[in-house]
Amino acid sequence: MSSTRAVRVGGVIVGGGYPAPVQTMWKEPLRADALDAAEARIRKLGDLGCGILRFAVPTEADAETLGALAARSVLPLVADIHFDWRIALRCLDFPIAKIRVNPGNLGAAWKLEEVASKAAAAGVPIRVGVNSGSLPADLKDHPERASALVLAAEREVAALDALGFRDVIVSMKASNVPETVSCNERFAARHPDVPLHIGVTEAGPLVQGCVRSAVALHALLSKGIGDTLRVSLSADMESEVLAGREILALSGGKRSGPELVSCPRCGRAGFDTHAFAERWRDRIYSLGKDVTVAIMGCVVNGPGEARHADIGITGAGDKVLVFRRGEIVRTIASEEADTVFEEELSKL
Ligand code: SF4
């Protein structure tokens, strides 16, 4: 059980032993004329398991656009502010759920004070987000980067604490796995009450990023460190959310929602499991139920895996078999696979 303070981020609680929400970050500029599409995509991210969504806010006009979206969003939206504290102040005129500031680049202390004062009045928490690539000037050349990350975070938390502002979440991220683990371990030991947002920054493309994030986050989560997480990938937001879910489930968090089993495919496959799994991934993970789905290439392992699945589909020569808890319920031609699979999924 985490001993961190519980911090409310919109309708989600971070810390205090509550389940760690998975986060991702919007990857394009937010367009004021595309809010309907953004709202729909946010809903889809929520269905996939995203709990909190962050947006870069480079201008005051962006703050206004994000504010309009926040009023319609099913997820709590976080404003990510660099350099200009006035943008943070403008965001706080809207129903933004959290402000993220970077101590390395906000500038004079009074700017943080102004932001903290308005955030406190609005009941909005602040994430102190320290990155190894943007440390405060006096810590940039520190001989040990993990220590520099901890010092930068501690400094900002102390400044906010002195202002009586305690709705704080801290993140310290490096692109290096051991540094990320080390700084979070040290900070958690020294400040066990401060909730931590954990992640490896700039972790890389899909495969590398998932592996590096899994290694670092598992090391922390399995020690009870981490109250919310983001997997930062050079890939789409949906992949970040699914990767975060998997890491949480395999690191002591309770698995909730669907589990997808799919075969790697080999020369025996009578069915293209890669394309099928890719096509159906988001639909399956949006089911919102504790179900196991198996997508298998042939009868060598297909029926065996499908037996343990709530629903399974497997190639079998020039046919495709659909299983429900071990029973073959349909034998179909491969061209019918998508239609029949949707029919069977709908019955779950
Ligand atoms: S299930 Fe069949 S196609 Fe898939 S990897 Fe195993 S043997 Fe190959």
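I'd like to know if segment 216-223 contains one or more residues that are under 21 Å from LYS27 (Cα atoms) and either within 13 Å of the ligand (Cβ to nearest atom) or assigned to a helix (DSSP H, G or I) (or both). Within segment 216-223 (the criterion being under 21 Å from LYS27 (Cα atoms) and either within 13 Å of the ligand (Cβ to nearest atom) or assigned to a helix (DSSP H, G or I) (or both)), the answer is no, since none of the residues qualifies.
When we screen THR228, THR180 for residues that are under 20 Å from ARG145 (Cβ atoms), among the β-branched types (Val, Ile, Thr) and either modelled with pLDDT under 95 or buried (at least 16 other Cβ atoms within 10 Å of the Cβ) (or both), the only hit is THR180. In segment 269-284, of all residues being out of contact with any helix residue (DSSP H, G or I) (no Cβ under 7 Å at 6 or more places or on another chain) and not in a helix (DSSP H, G or I), the one that is nearest to the ligand (Cβ to nearest atom) corresponds to ALA269. Close contacts from segment 295-313, counting a first residue that is within 10 Å of ARG268 (Cβ to Cβ) and a second that is part of a helix (DSSP H, G or I) and near the ligand (Cβ under 7 Å from one of its atoms), with Cβ to Cβ under 7 Å and a gap of 6+ residues or different chains, come to GLY297/THR273. If you check VAL291 against the conditions, is it buried (at least 16 other Cβ atoms within 10 Å of the Cβ) and more than 30 Å from GLY226 (Cα to Cα)? Here the answer is no, as VAL291 does not meet what is asked.
Candidates are the residues of segment 285-303 that are modelled with pLDDT under 90 and of a type in the set (Gly, Ala, Ser); the one that is farthest from the ligand (Cβ to nearest atom) is GLY288.
For segment 104-142, what are the residues that are over 22 Å from the mean Cα position of the chain (by Cα), assigned to a loop (DSSP other than H, G, I, E, B) and at negative phi?
Result: GLY104, ASN105, LEU106, ALA108, LEU135, PRO136, LYS140, ASP141, HIS142.
Put simply, of ARG86, ARG90 the only residue that is crowded, with 18+ Cβ neighbours inside 10 Å and basic (Lys, Arg) is ARG90.
Across segment 127-154, the qualifying residues are those that are crowded, with 16+ Cβ neighbours inside 10 Å and basic (Lys, Arg), and the one among them that is modelled with the lowest pLDDT is ARG145. Against the condition among the aliphatic types (A, V, I, L, M), surrounded by 24 or more Cβ atoms within 10 Å (Cβ to Cβ), modelled with pLDDT of 95 or more and closer than 19 Å to GLY17 by Cβ, how does LEU217 come out, does it pass? Yes. Here segment 304-325 is the region considered, the condition is being more than 16 Å from the ligand (Cβ to nearest atom) and outside any strand (DSSP E or B), and the residue that is farthest from ALA275 (Cα to Cα) is ARG325. Checked against the criterion of being assigned to a loop (DSSP other than H, G, I, E, B), buried (at least 19 other Cβ atoms within 10 Å of the Cβ) and away from the ligand (no atom under 12 Å from the Cβ), segment 245-268 has at least one qualifying residue.
Per the conditions (1) free of Cβ contacts under 8 Å to residues at least 24 places away in the same chain; (2) surrounded by 22 or more Cβ atoms within 10 Å (Cβ to Cβ), the sole criterion not satisfied by ARG330 is (2). Only one of the listed residues (ALA146, ALA152, ALA97) is touching a Pro at 6+ places or on another chain (Cβ under 6 Å) and within 21 Å of GLU202 (Cβ to Cβ). That residue is ALA152. The set of residues in segment 44-71 being without any contact (Cβ under 8 Å) to a residue 60 or more places away in the chain, in contact with a Leu (Cβ under 8 Å, 6 or more places away or on another chain) and in a helix (DSSP H, G or I) consists of GLY46, ASP62, THR65, LEU66, ALA68, LEU69, ALA70.
The values are calculated or read from the model by the stated rules, or taken from the named source; none is laboratory data. Every value quoted in this text rests on a predicted model; they were computed, and no experiment measured them. Cβ coordinates were reconstructed from backbone atoms using ideal geometry, including for glycine residues, and neighbour counts include every protein chain displayed.
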